[in-house]
Each structure stands twice: as structure tokens, then as C-alpha cells.
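In what follows, a structure is listed as C-alpha cells, so that the remarks can point back to it.
All of the numbers you see were taken from the coordinates with simple rules; none came from a lab. Keep in mind the model is a prediction, meaning the values are calculated, not measured. Backbone-built Cβ (ideal geometry, glycine too); neighbour counts: all protein chains shown.
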Amino acid sequence: MTTVRESIDVNVPISTAYNQWTQFEEFPRFMEGVKSVTQQGETSLHWVAEVNGTTKEWDAQITEQIPDERVAWASVDGASNAGIVTFQRLDESTTRVDVEMEVEPEGAVESAGAAMGFVGRSVKDDLKRFKEFIEARGQETGAWRGEVGVR
């Protein structure tokens with residue numbers, strides 16, 4: 001497994017950053033290589049992405065979701081990955097978005113790419129595009145503020 005940790009500060013309130021992140025079907029707008037994310041119920045997502053010129057599909061389950069705090073997931077089939085995105089209020093109009101992901105590279109090409117840090121750079125670049133996207137809009141495209149996995 002390859003573990004990636006990246007952070008970025010976005011100039012929007014925490015609720016705006018969090019609300020946008022819950023709009024999974026919008027991910028292709030700022031995540032390079034992601035062709036589509038289809039939400040299939042409150043906690044199930046189907047992903048289609050291009051990785052090293054190959055189309056990959058997988059299903060993921062939201063394992064924890066706490067408004068304005070965190071969203072965690074794990075793949076349930078297909079490309080193996082899991083992670084958590086946390087949101088930290090820095091002030092009224094600034095939020096730190098932290099991403100921690102574990103990805104299981106498939107095959108020699110993906111393993112070599114992971115060893116050279118390509119996954120980390122990809123996540124870092126996706127976060128930069130998220131920042132540009134949400135700051136340019138100034139508001140989220142939608143929101144889902146339900147809780148998952150909270151007792």
C-alpha cells in the first residue's frame with residue numbers, strides 16, 4: 001500500500017468546503033483522471049477513472065461522514081483504496097483540507113509510479129484544483145449534511 005498525505009488551505013468557510021466535498025459527482029471538475037463518480041444511495045459511490053492510460057472502475061463505501069469535520073471511505077471492489085478527508089476551521093473564511101489516502105498499486109507500472117511519488121503529486125494537484133474551483137465559485141454546488149458511521 002502507498003500512503004499519501006496532502007493538505008491545502010482554501011479561502012472559504014468550513015461549511016462551504018465541506019459541502020462541496022460531499023458533491024462527489026462534481027469530482028471530475030477538479031480531479032484529473034476521474035471520468036465519473038456516480039452516487040448510488042447515501043453511502044455508495046461508483047468511480048470511473050483513467051490511470052496510466054487504463055480505465056479503472058471501483059465501488060466505494062462512505063464509512064464515516066460528520067458535517068464540517070470529515071468524510072472517510074474504503075473501496076469495496078475494483079481498485080483498492082481508502083482514505084479520509086478532514087476539514088479544519090482556521091478562521092471565519094479559511095479552511096484547511098487534509099487528505100490521507102491508501103492506494104494499492106496494480107502491476108509494475110503503477111508500483112513504479114507510486115514509488116516515484118506520482119500518487120502524492122496527483123492528490124496535491126487535485127487539491128490545488130479544488131481550491132481554485134471552490135474559491136472561484138465562492139459557494140458550493142450543493143450539500144449533503146447527513147451523518148454516516150456516527151453513534
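Sorting 70-78, 20-28, 32-40 by average packing, meaning the other beta carbons within 10 Å per residue, from highest down gives 20-28, 70-78, 32-40.
Please give the residues of the range 40-75, grouped as numeric ranges, whose backbone N is less than 12 Å from a label point set 7 Å along the Cα-to-Cβ vector of Arg89. Only 68-69 fall inside the zone, counting backbone N under 12 Å.
If you wrap the tightest convex hull around every Cα atom of the chain and split its volume per residue, you get 102 Å³.
Placing pseudo-labels 7 Å out from each Cα toward the beta carbon at Glu42 and Gln139 gives an inter-label distance of 2.6 nm.
What net charge do the residues around Leu90 carry, taking every other residue with its C-beta under 15 Å from that of Leu90, with Lys and Arg at +1 and Asp and Glu at -1? Net charge in that neighbourhood comes out at -4.
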